[in-house]
Amino acid sequence: MARSLRIDFPDTFYHVLSRGNEKREIFREEADYKKFLELIGRVSQRFGIEIHAYVLMENHYHLLVKTKKANLSRSI
């Protein structure tokens, strides 16, 4: 079942998370974590979102982001 549509608002905080399929690992080695943080940095600059906090686990991640525009669905 697909999740319901996300409603985007400007100047709003969001808790974003994603898990690996069947709770499998998405980060296998140190380089995977570094690459993910690099990508998130580029996305935040490109779309003007602020990353306020993050947690990277082997099989999932959590982000606390703040949007300046109503563009979370386009950015993450």
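The combined condition, being on the phi < 0 side of the Ramachandran plot and open to solvent by 50 Å² or more (accessible area, probe 1.4 Å), is not fulfilled by A53.
Evaluate the following for D32: is it at pLDDT below 95 and farther than 12 Å from I76 by Cα? Taking the combined requirement at face value, the residue does not satisfy it. Being within 12 Å of the chain's Cα centre (by Cα) and surrounded by 12 or more Cβ atoms within 10 Å (Cβ to Cβ) is a property that Y61 has.
Scanning region 1-50 for residues that are open to solvent by less than 80 Å² (accessible area, probe 1.4 Å) and assigned to a loop (DSSP other than H, G, I, E, B) yields D8, P10, G20, I26, F27, G48. Looking across region 51-63, the residues that are out of contact with any helix residue (DSSP H, G or I) (no Cβ under 9 Å at 6 or more places or on another chain) and either among the small types (G, A, S) or outside any strand (DSSP E or B) (or both) come down to A53, M57, E58. For region 31-50, taking the residues that are in contact with a helix residue (DSSP H, G or I) (Cβ under 9 Å, 6 or more places away or on another chain) and among the charged types (D, E, K, R), the one that is nearest to Y14 (Cα to Cα) is identified as E50. Restricting region 64-76 to residues that are part of a helix (DSSP H, G or I) and within 26 Å of R24 (Cβ to Cβ) leaves a set whose member that is most open to solvent (accessible area, probe 1.4 Å) is S73.
The values are calculated or read from the model by the stated rules, or taken from the named source; none is laboratory data. These figures come from a predicted structure and were not determined experimentally. Because the Cβ atoms are built from the backbone with ideal geometry, glycine has one as well, and the counts that use them run over all protein chains shown. When the accessible area is computed, the model is the full protein with side chains, heavy atoms only, and any ligands, DNA or RNA have been set aside. Shrake-Rupley method; radii C 1.70, N 1.55, O 1.52, S 1.80 Å.
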